[in-house]
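Undergrad: To start, I am sharing the structure in question, which I have written as structure tokens.
The values are calculated or read from the model by the stated rules, or taken from the named source; none is laboratory data. Please read all numbers here as calculations on a predicted model, not as lab measurements. Don't worry about glycine lacking a Cβ; one is built from the backbone with ideal geometry, like all the others, and counts go over all protein chains shown. Accessible surface areas use protein heavy atoms only, side chains included; no ligands, DNA or RNA. Shrake-Rupley method; radii C 1.70, N 1.55, O 1.52, S 1.80 Å.
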Amino acid sequence: MNTAGGTDIFYGKIPVFRGFSSLMDPKLYSPLPDDWTIGVADIVESTKAIAAQRYKSVNMAGAAVIAAVTNALQGREFPFVFGGDGASFAVAPDDLERAREALAATAAWVKEELDLLMRVALVPVSAVRTQGLDVRVARFGPSPNLSYAMFSGGGLGWADAAMKRGEFAVPKAPPGTPPDLTGLSCRFEEIPSTRGLILSVLVVPARDADPLAFRKLIEDVIALSERSPDAGRPVPPGGPPLRWPPAGVEFEARATRGGPLFKRRAFVLANTLFAYVVMRFGISVGGFVPKTYVQQVVENSDFRKYDDGLRMILDCSPELERALTQRLAAAASSGTARYGLHRQDAAMMTCFTPSALRSDHVHFIDGARGGYAAAATALKAMAA
């Protein structure tokens, strides 16, 4: 439902573009209104958590931010981006307090249920613009079912850095203040590479880089990836592997509200068993068609995005990996970009499905052995 001045009024009017290769066209991006606010969140010391093989916990925390804010906004559209070990989004003034409460509750839940420390902050767009930066947003449609936000202008990166300096912080809610994470799940198994390796790619402009040279680099990297079958999408046409009990049952139980954990765990086990039988045998139930749902899962996976830098999780051949590495190394040598790559054998998916009967469920993709967070570590090492 639209409300006057609500977040979806502005965002819903931005045209959706379909071809990812046109990502760097500045005409696709609209500046956020001055009175909007950027939300940013990330896991403190995510590298240590990943070293302890807690990849799924880190991803679940990042996706929880998007689920909590979406539910707080009652499903209204707003621009957001999943970053692996965190998330970013933007909201209008009318939605700011709901977003603040959702962020605070999510930070508390992440500490209580996942034993991770999450930083959260709300940064006014006006504060970004006083730095000579901007926050511009576009809408990319990977399928006819939904769109994902893309951000440019440098403002999102500045907001993230400000959060890490302790600025604009949102205190976490008191213990026992759970966010509404309805629809957040991780029922699919890891997705093994079929082409050689899963490559996490992170590319950002170098300081004082020529904007045209950086745009050409991103277009070249996308063109290389699109030569791969299905543009390197790591989700196979038949969908990710599904087993019972699912590996993520504990996370889903902790994301469910109401009652002691053992009861929530039993409920999730029963619910996932029913879902597994329906999916395994292709049983249509109450308008839910498993084959259609799996097709939408594949199409709706967000394996590539842009938020002041290019992020991709690719299932690629060794030849494609070499080509990408060579192009990125040349760009780094010329002062055009900084980049981080991380190689692993599988990808993983975290899902946000408020209703399985709708086609706009979203599926966040990351590498299963460090993913974006490990690529960011490699990027930081390059800058050192």
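Undergrad: Before anything else, pin down the relative contact order of the stretch 209-344: Cα pairs under 8 Å, at least 6 apart, normalised by residue count, whole percent.
TA: Reported as a whole number, the value is 34 percent.
Undergrad: Mind checking which of 101, 190, 226 has the largest fluctuation in a GNM of the chain, springs on alpha carbons under 10 Å?
TA: Comparing 101, 190, 226 in a Gaussian network model of the chain, the most mobile one is 226.
Undergrad: At R0 = 35 Å, how high is the FRET efficiency between residue 52 and residue 212 if r is their beta carbon distance? Nearest 0.05 is fine.
TA: 0.25
Undergrad: Per the Debye formula with a single identical scatterer at each Cα and no solvent contribution, what log10 I(q)/I(0) holds for the stretch 217-359 at q = 0.12, 0.19, 0.20 Å⁻¹?
TA: Result of the Debye calculation: -0.67, -1.14, -1.22.
Undergrad: If you average 1/r over every pair of different alpha-carbon atoms in the stretch 88-135 and take one over that average, what Kirkwood value in Å do you get?
TA: For the stretch 88-135, the Kirkwood estimate is 12.3 Å.
Undergrad: Now for a different question. Heavy-atom accessible area of residue 210 with all protein chains present, probe 1.4 Å, nearest 10 Å²?
TA: 80 Å²
Undergrad: Show that you can apply the helix-only estimate: for the chain, add -39,500 (n - 2.57) for every DSSP H stretch of four or more residues, divide by all residues, and state [θ] at 222 nm to the nearest 500.
TA: Helices in the chain give a 222 nm mean residue ellipticity of -11500 deg cm²/dmol.
Undergrad: If you stretched the chain out fully between residue 220 and residue 74, how much longer would it get, using 0.36 nm times the residue separation minus the C-alpha to C-alpha distance?
TA: Value of the extension gain: 48.6 nm.
Undergrad: If you put +1 on each Lys and Arg Cβ and -1 on each Asp and Glu Cβ, how big is the dipole of the stretch 292-371 around its Cα centre, in Debye rounded to 20?
TA: It comes to approximately 220 debye.
Undergrad: Next question, about the same structure. Near the amide H of residue 170, under 5 Å away, which other amide H atoms are found, from residues 5 or more places off or on another chain, if H is placed in the peptide plane?
TA: The list, which skips near neighbours in sequence, is 120, 121, 122.
Undergrad: Okay, next question. Please list, by residue number, everything in the stretch 171-190 whose backbone N is under 18 Å from a paramagnetic label point 7 Å out along Cα→Cβ of residue 271.
TA: The answer is 178-189, whose backbone nitrogens lie closer than 18 Å to the label point.
Undergrad: Distance cut-off 29 Å, Cα to Cα: go down the list 164/305; 13/56; 27/305; 13/172 and report the pairs above it.
TA: Those over the limit are 13/56; 13/172.
Undergrad: Please check: in the Gaussian network model of the chain (C-alpha springs, under 10 Å), which one of 88, 22, 152 has the largest mean-square fluctuation.
TA: Greatest mean-square fluctuation among the candidates belongs to 22.
Undergrad: Label the stretch 162-259 by shape, choosing from rounded, prolate and oblate, from the square roots a ≥ b ≥ c of the eigenvalues of the Cα gyration tensor; if a/c is under 1.5 it is rounded, and otherwise prolate applies when a/b is larger than b/c, oblate when it is not.
TA: Cα axes put the stretch 162-259 in the oblate bin.
Undergrad: Could you compute the FRET efficiency for residue 44 and residue 262, with r as their C-beta to C-beta distance and R0 at 22 Å, rounded to 0.05?
TA: Efficiency for this residue pair is about 0.15.
Undergrad: Considering the chain as a Gaussian network with a 10 Å cut-off on Cα pairs, which listed residue, 52, 247, 275, attains the greatest mean-square fluctuation?
TA: Evaluated over the chain, the most mobile residue of the options is 52.
Undergrad: Stokes-Einstein at 25 °C, 0.890 mPa s, Kirkwood radius from Cα pairs: D for the chain in µm² s⁻¹?
TA: Reported coefficient: 117 µm²/s.
Undergrad: What percentage of the solvent-accessible surface of the stretch 30-145, computed with a 1.4 Å probe over protein heavy atoms, is contributed by carbon and sulfur atoms?
TA: 47 percent
Undergrad: Assign unit charges at the C-beta atoms only (+1 for Lys and Arg, -1 for Asp and Glu), then state the dipole size of the stretch 186-248 relative to its Cα centre in Debye, rounded to the nearest 20.
TA: Charge dipole of the stretch 186-248: 180 debye, to the nearest 20.
Undergrad: Please find the FRET efficiency linking residue 228 to residue 345, where r is the Cβ-Cβ separation and R0 is fixed at 22 Å, and quote it to the nearest 0.05.
TA: Taking R0 as 22 Å, the efficiency between residue 228 and residue 345 is 0.80.
Undergrad: Further question on the same structure: Could you give the dipole magnitude of the chain about its Cα centre, charging the beta-carbon of Lys and Arg +1 and that of Asp and Glu -1, in debye to the nearest 20?
TA: In total the dipole reaches around 580 debye.
Undergrad: Considering only the other residues whose Cβ falls under 13 Å of the Cβ of residue 164, what net charge follows from Lys and Arg at +1 and Asp and Glu at -1?
TA: With Lys, Arg at +1 and Asp, Glu at -1, the net is -2.
Undergrad: Give me the percent of the accessible area of the stretch 251-307 that comes from carbon and sulfur atoms, probe 1.4 Å, all protein chains in place.
TA: 62 percent
Undergrad: Then there is this: Just add up the charged neighbours of residue 319: K/R +1, D/E -1, any other residue whose Cβ is under 15 Å from the Cβ of residue 319.
TA: Here the charged neighbours net out to +2.
Undergrad: Express in nm, to one decimal, how much length is gained between residue 161 and residue 381 on full extension, taking 0.36 nm for each residue of separation and deducting their alpha carbon distance.
TA: 77.5 nm
Undergrad: Semi-axes of the stretch 1-157's equivalent ellipsoid from the Cα gyration tensor, sqrt of 5 times each eigenvalue, largest first, rounded to whole Å?
TA: 26, 18, 16
Undergrad: Express the C-alpha Rg of the stretch 98-246 as a ratio against the empirical globular expectation 2.2 N^0.38 Å, rounded to two decimals.
TA: Here the Cα radius of gyration is 1.32 times the empirical estimate.
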